Each structure stands twice: as C-alpha cells, then as structure tokens.
Amino acid sequence: MTVSRRTLLGGSAAGVVAVTLPAQANAQWKAAAADQARPLLHLPSRSKMSLEGEWRYILDPFDAAKRGDNARRTFWKNFRPPETGPLVEYDWSQSPVIDLPRDWNSHAPELQWYDGPVYFRRTFNVTLVPGMRRFLAFEGVNYHATVWLNAEKLGEHEGGFTPFAFDVSDRLKAGENAVVVCADSRHHPEAVPSDYTDWQNYGGITRAVWLVDEAATRIDDWFVRLEGDNVVVDVALVGPDAANAPVRVELGKLRLRGRTGADGKVRLSVRNRLALWSPENPVLHSFYVESGGVSAGEKIGLRTIATRGRELLFNGKPVFLRGISLHEEPIGPVGTRRMREADARRLLGEAKALGCNFVRLAHYPHSEIMLRVADELGLIVWAEVPVYWEQIRYESAHTLGLARSMLRDMILRDRNRCSIGLWSVANETPQEAARTRFLRTLIADARTLDPTRLITAALNKNVDVGGAKEGESRFAVTDELGRDLDVLAINQYEAWYSKRTPDQIDQVSFTTPYDKPLMFSEFGADALARHRGPRENLWTEDYQAWLYEENFKLIDRTEGCVGLSPWVLKDFRSPRRWHGRFQQFWNRKGLISETGVRKAAFASLAAYYARKAGR
Ligand code: GCU
C-alpha cells in the first residue's frame, strides 16, 4: 500500500497517519521506496549534457492541473490547438522564463513566499545512438517532483535535497524532445522535513539537471575507503555484460584488478601506501576505474575517523573539531538556494578564514559541489538528513520510508567524499519511543551502508540535574538515543533563549554518563551587522561576541568535549524571524551578514580557534 501525495496533502481522506508494525512498516517502506525515483550516482564523472538555462514556467496555485484530466490545463501535454479551438488555457511559448537551476522564491518578488506547484518546461535536441542508455538526472528538486518526457509521465520523487533519475533510453526521439517538471514545494504532514522549520523553504528545480549518456553496461557505483591498513574498493556494474567482467582500478600509484561476480559486483583491496587526507594536508588521489572499455574517474582522499572512549580520533590521532554550522545559501543580498562552485568556495573560504577544520552542513544534504570543495579545502564535514524537530511524524510508515530513502541516497551519493566524517540522523527531536525507534532504524541503515563513518544527532532535550550552588544548572545528556550514537552533539542557547546573560554561562555545565565524545553542535545569538553598543544590549555585535567568549570557557571546561559548530556562519532566510529592524525574515545568528560583512564575533571565534590550534 502506498499513500498518494494528493491524499497526504489532505485531498479526499482527512488524516492519513497509519501506525504499523515494523515488518509491515518495512514492506510499506519498500513499496513507497519502489515508487520513488532512484539516483544515478557519480554524476560529475559521467558524460552528459546540461539542461541548465532558460526554462518556461507556469504557476498552479490551486494545483488545478492535477484535478482531473482536463485538456484545458494538462500543461505536460503542450497542446497547441488551432485558433478555432478546442479551448486550452495555457501556452508555453507565452509563459514566463526562469534561468535554472534556482529556487523560484529569489526569482521574482511576487514568488518570495509562494508555496505550491510550479510547472517547468524546456526542449532539447537529441541524436539517437543505438545501444546507448540515456538518463534524465536531477540533482535536487524541492520538495516533490513529477516528471514528463514528451507528454509521457516518467515518475515522481519526494525530498528536496537528494538526486534522482529516470532511464529515458526508450522514450527519447530523434530531434526535439520536451521535458516538463512539476515541482511542488508543499510539505504534507508526513513530509521530511515537516512544513515547520527555521529556514526558508526554497521551492523549485534548485540543482542541476542533466541528460546522461551511458553504455549498455555501465559502471553504476564504486565505494573507496580505508579498512584498517587496506584500501578497499567496491565496484558495481549494471547491464547485459556486468557479470564476470574484468575490472581495473587505479588510485594514485595503487593498481587493483578483479572480475565481477554474477551480480556484476566486485570487491578489491590492497595494502595502503598512499598519503592520508587531513584538514592540514587535504591530499586527494586520482581514482580511475575501467571495465569493458567503459571508464570513470574522480579525486578521492583516504582517512579514518573513530572514537576511543571520550576521544575523537582522526587518522588515529585525537582531534578537536574547530567548526561552524551553515545552511545551503550563498552569500548575497537575496536569499537563494542556487549554489554554484564559486558560491561554495566563498562560503567554505569564510570557514577556513575562521580557522575551521570542520563544518556542519545543516540540516539536509547540501549540493555535491559543497562536499567536493570541502574535500579540496580540507574541512571535515557533518552531513545530515532533515529529520528536524517534533513536527516529524515518527509513527508514520511513509515518513520513515522517506527518511530512509533520503539517508540512503545521501550516503550513496557522498560516501566517497573523504571530508565527510559524521552522518547525522536528526536535529532537536523529542525523547519519545516512536522517535527513538525511527532514528534507530536510520542509524542501522547508515551503519550498513557505510561502516567507516561515525553517527551522530543534535540533541537539545538535556536534563538539568541541578548544580552545586543556587541558580546553577548541570545538564546531563542522558537521551536514550545516546546509546546508539558515536558522538553526542548538544544544541544549547544559553543566554539567548535561556534567561541567563552571557556572564552567567559560568553557572552552566554539561555532562553525560555515556563514555562517548561530546560536542556543541549549536550555540549563538542574533546580531545585526554593524549594530554596535553596550555588550548587554541584545541584537548588538557586542552581545553576540560576549556570548561567544563565555561559551568558549564552557567548552574548555566540558569534559570529553571534542569540538563545536556554532550557529551559524551566515545570516540566513527564515519565515520565523519577524523583528522589523533586527531580522526582516533573516535569522541573524550569522558571524557574517547575508552580504558577507564580518561581525565582531567572527574575530572572537577566529582567535579562539588559533589558540585551539596552537597557533
Ligand atoms: C535551532 C535549530 C536551528 C535554528 C536555531 C535558531 O536549534 O536547530 O535550525 O535556526 O536553533 O533558533 O536560530
């Protein structure tokens, strides 16, 4: 049984949540996942044509086109009747143009807060090549995508931050083809994330679209990692000649050879002799894989990450994570989700300027380019799926299925990125049985898909067991989920959402009974750039810097603290930030403003990180 999107959006049947037993939940997940278009991995390494550029679009605020098959509004059919009719109430050639990929919210002022379906269309020319496989690949469409090619429906995808693709080899025609995408930004009650977050829900085709060419038998996937002293490489071929095929791999000066099994897969391993990647020395090696004349390549780094009691070990040595959190929003006066390489370099460049060796990419899988730049610049990454806050329907099979497919697709897309050290399965979620069961399922999936990385989650429901003196707080991280995590991460907003002032942060301490590393994944305060004043005044850069200074003392005296990623690198758009002077729908906890102005706390954190790095 799969629950249709229309029903989920409260079409006919009101209230759709179904509580199911694990086995059934699994079956339903399989059903839901089967419906869900899957990603074509390793897009940067494939031969492809970009479908970026001019597309036309039609807004459908009442979702009318999907209400019954009515020729007057079946946009995906591109019906062009003669002047005498029949009546059709759209004409793509007369519809507005948008330069994709990008969100529509930053495209036109009247669309800033639009939340609903938008149809996009473009044409492209193709020369058919016998035997060639062709894929229409999307890197990200927020939130739900329905895709047609030449008026035929290809399928759907739910989730705004993970890739998906359709095999269109038998659907393309020689010459002009037309693709139509309905991107619906609405988040139904069982969505992931829910419709209530502290960031702008940028709608649309927000990441690149490609037409990918592949041989009949393609190199579908590879996973390169260190296991102990060995480099291990899994290669998977798909196609008629996938079984029993010779495979050749080069990684730097290492050479590996083997033959696939009946399932088209092979695991190769060799003792490692290559330099390891680290933030101080982000060395990447050329990776090349070939089989049957088909080949692919990319840059890959090798490293290990592990825990030992309360220590975090990177390449076997204790490490302290000097981090910062950030959203996927480029520096610029208008908030947008359009992330090009230069934008990623600028954002992560600011993190490097802070002296960071770590970034928390919140709260969803960021663009692949962000991870590749992090590999290059030497930044360890925390990557996360948007299981965010208590509004998530933890008892829903559909929601669990979505979260599992998002986690799966994030890990499959990014597990060759050496920068990624931690997979996060959640942010600030309630300590309830359904939630814990939900997250334990995700954690088990992550460990199966990638046993080489650490699992974490941002926790904020910590118990104040009371301090030694009056007015003191001793927060104990006792969340039962802690048992399943490798690193415990704390979100705390002392002296912002709590009634304390920064100087009273010395009344606060954090402990945990778990023999595991702790880190502070969020703390911070809003400040309007260039708004200065007495440090006691909220919204000033001075208050923010003061709060940071006092948090540094808390961090230094927290036993087993292995790092931090303050909230947040840059002011970002949020529909929940209403202050007419200090916010204007920007969350102002950035250390830089939306246009890149560095606030006083930027220097505070940079100085702290210089001390931590012994510089
Ligand atoms: C939360 C949350 C963030 C949010 C931040 C804030 O902890 O994780 O997404 O933006 O606090 O309140 O600024």
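The values are calculated or read from the model by the stated rules, or taken from the named source; none is laboratory data. Model, not experiment: these values are computed from the prediction. Counting neighbours? That spans all protein chains shown, and the Cβs are built from the backbone with ideal geometry, glycine included.
The single residue among P575, P517 that is at pLDDT 95 or above and either among the acidic types (D, E) or away from the ligand (no atom under 16 Å from the Cβ) (or both) turns out to be P517.
Rundown of residues vs (1) assigned to a helix (DSSP H, G or I); (2) free of Cβ contacts under 8 Å to residues at least 12 places away in the same chain; (3) surrounded by 10 or more Cβ atoms within 10 Å (Cβ to Cβ), yes/no style:
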site	(1), (2), (3)
Y57	no, no, yes
W76	yes, no, yes
P81	no, yes, yes
T84	no, yes, no
E89	no, no, yes
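For the subset of the stretch 431-490 comprising residues that are closer than 18 Å to E559 by Cα, polar (S, T, N, Q) and more than 16 Å from the ligand (Cβ to nearest atom), which member is surrounded by the fewest Cβ atoms within 10 Å (Cβ to Cβ)? Among them, the one singled out is T478.
Report yes if L211 is closer than 29 Å to A65 by Cβ, in a loop (DSSP other than H, G, I, E, B) and more than 16 Å from the ligand (Cβ to nearest atom), otherwise no. In short, no.
Among the candidates T441, T501, T452, the residue that is closer than 26 Å to R393 by Cα and hydroxyl-bearing (S, T, Y) is uniquely T441.
Take the stretch 583-615 and flag every residue that is assigned to a helix (DSSP H, G or I), of a type in the set (D, E, K, R) and surrounded by fewer than 17 Cβ atoms within 10 Å (Cβ to Cβ).
The answer is R611, and nothing else.
Taking the numbered list (1) touching a Pro at 6+ places or on another chain (Cβ under 7 Å); (2) crowded, with 24+ Cβ neighbours inside 10 Å in turn, A165 passes all entries but (2). In contact with a Ser or Thr (Cβ under 7 Å, 6 or more places away or on another chain), closer than 21 Å to R413 by Cα and part of a loop (DSSP other than H, G, I, E, B) - does that describe any residue in the stretch 285-305? Checked against the condition, which is being in contact with a Ser or Thr (Cβ under 7 Å, 6 or more places away or on another chain), closer than 21 Å to R413 by Cα and part of a loop (DSSP other than H, G, I, E, B), the stretch 285-305 yields at least one hit.
Can you find even one residue in the stretch 541-553 that is more than 25 Å from F585 (Cα to Cα), touching a Leu at 6+ places or on another chain (Cβ under 6 Å) and in contact (Cβ under 8 Å) with a residue 40 or more places away in the chain? So far as the stretch 541-553 goes, no, none of its residues is more than 25 Å from F585 (Cα to Cα), touching a Leu at 6+ places or on another chain (Cβ under 6 Å) and in contact (Cβ under 8 Å) with a residue 40 or more places away in the chain. The set of residues in the stretch 407-430 being more than 16 Å from the ligand (Cβ to nearest atom) and in contact with a Lys or Arg (Cβ under 6 Å, 6 or more places away or on another chain) consists of C418, W423. Checking each residue in the stretch 583-592 for being away from the ligand (no atom under 13 Å from the Cβ) and within 13 Å of W539 (Cβ to Cβ) picks out only Q584.
Which of the strands (runs of 3 or more DSSP E) found entirely inside the stretch 308-387 contain at least 1 residues meeting this: basic (K, R) and more than 16 Å from the ligand (Cβ to nearest atom)?
Working: elements: 311-314, 321-326, 358-361, 380-384.
Because the criterion is at least 1 residues that are basic (K, R) and more than 16 Å from the ligand (Cβ to nearest atom), the strands (runs of 3 or more DSSP E) in the stretch 308-387 that meet it are 321-326.
For the stretch 272-281, state whether one or more residues are assigned to a strand (DSSP E or B) and either free of Cβ contacts under 8 Å to residues at least 60 places away in the same chain or touching a strand residue (DSSP E or B) at 6+ places or on another chain (Cβ under 7 Å) (or both). So far as the stretch 272-281 goes, no, none of its residues is assigned to a strand (DSSP E or B) and either free of Cβ contacts under 8 Å to residues at least 60 places away in the same chain or touching a strand residue (DSSP E or B) at 6+ places or on another chain (Cβ under 7 Å) (or both). Here the condition is being surrounded by 19 or more Cβ atoms within 10 Å (Cβ to Cβ) and in a loop (DSSP other than H, G, I, E, B); of P566, P575, it holds for P566 alone. Within the stretch 195-218, residues that are over 19 Å from I98 (Cβ atoms) and of a type in the set (V, I, T) have Cβ atoms under 8 Å from residues that are within 16 Å of the ligand (Cβ to nearest atom) and assigned to a strand (DSSP E or B) in these pairs: T197/Y388, counting only partners at least 6 apart in sequence or on another chain.
Of all residues in the stretch 164-184, those satisfying the criterion of being outside any loop (DSSP other than H, G, I, E, B) and either hydrophobic (A, V, I, L, M, F, W, C) or within 16 Å of the ligand (Cβ to nearest atom) (or both) are F164, A165, F166, A178, V179, V180, V181, C182, A183. Scan the stretch 529-572 for residues that are among the aliphatic types (A, V, I, L, M), within 16 Å of the ligand (Cβ to nearest atom) and more than 17 Å from A603 (Cβ to Cβ) and the total you get is 1. Taking the criterion of being surrounded by fewer than 18 Cβ atoms within 10 Å (Cβ to Cβ), without any contact (Cβ under 8 Å) to a residue 40 or more places away in the chain and assigned to a loop (DSSP other than H, G, I, E, B), the residues of the stretch 219-251 that qualify are G228, P240, A243, N244. Would you be able to say whether some residue in the stretch 185-198 is at pLDDT 95 or above, more than 16 Å from the ligand (Cβ to nearest atom), surrounded by 21 or more Cβ atoms within 10 Å (Cβ to Cβ) and farther than 30 Å from T429 by Cα? No. Taken over the stretch 284-305, the criterion of being surrounded by fewer than 17 Cβ atoms within 10 Å (Cβ to Cβ) and of a type in the set (A, V, I, L, M, F, W, C) is satisfied by no residue. Within the stretch 266-286, the only residue that satisfies the criterion of being farther than 15 Å from L302 by Cβ and in contact with an Asp or Glu (Cβ under 7 Å, 6 or more places away or on another chain) is R267.
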